[in-house]
Amino acid sequence: MECAFKQYTTENSGMPFNHTNCVLYDKKEKVLWISTYRAGLVRYDLKGNWENYHNENSEIPTSYISTMTFDKNGNLYLAT
């Protein structure tokens, strides 16, 4: 079985910062949620679409997200 890996950076993607703290796959929405050290929360839909949520464009209180988790209902919780 062959696996392919791709490294996403600020230069080749919609990543706003190169340091990530946590990456979770949302099975329901089929997206990756990526927490960052300085740029908030990133949503990547695996089709090339990137969204960045931080304290200037959302209700997230800070752009530092240390970790995150889903509860049993699929709600995403952030530790800031």
Over region 21-79, calculate the relative contact order: mean separation of alpha carbon pairs under 8 Å at least 6 apart, over the residue count, as a percent.
28
Can you give the extra length, in nm with one decimal, that the chain gains between SER13 and LYS28 once fully stretched, where that is 0.36 nm per residue apart less the Cα-Cα distance?
3.1 nm
D_trans [Stokes-Einstein, Kirkwood Rh over alpha-carbon pairs] for the chain, 37 °C, 0.692 mPa s, µm² s⁻¹
250
Say each of THR67 and ASN21 gets a label point 7 Å from the Cα, pointing the same way as Cα to Cβ; how far apart are those two points in nm?
1.0
What are the residues whose amide H is under 5 Å from the amide H of ASN21, where those residues sit 5 or more places off or on another chain and H is modelled from the backbone?
SER35, THR36, TYR37
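Computed from the coordinates by the stated procedures, all read-outs in this text should not be read as laboratory data. From a predicted model like this one, the values you see are computed outputs, not experimental measurements. Note that each Cβ is placed from the backbone with ideal geometry, even for glycine, and that neighbours are counted across all protein chains shown.
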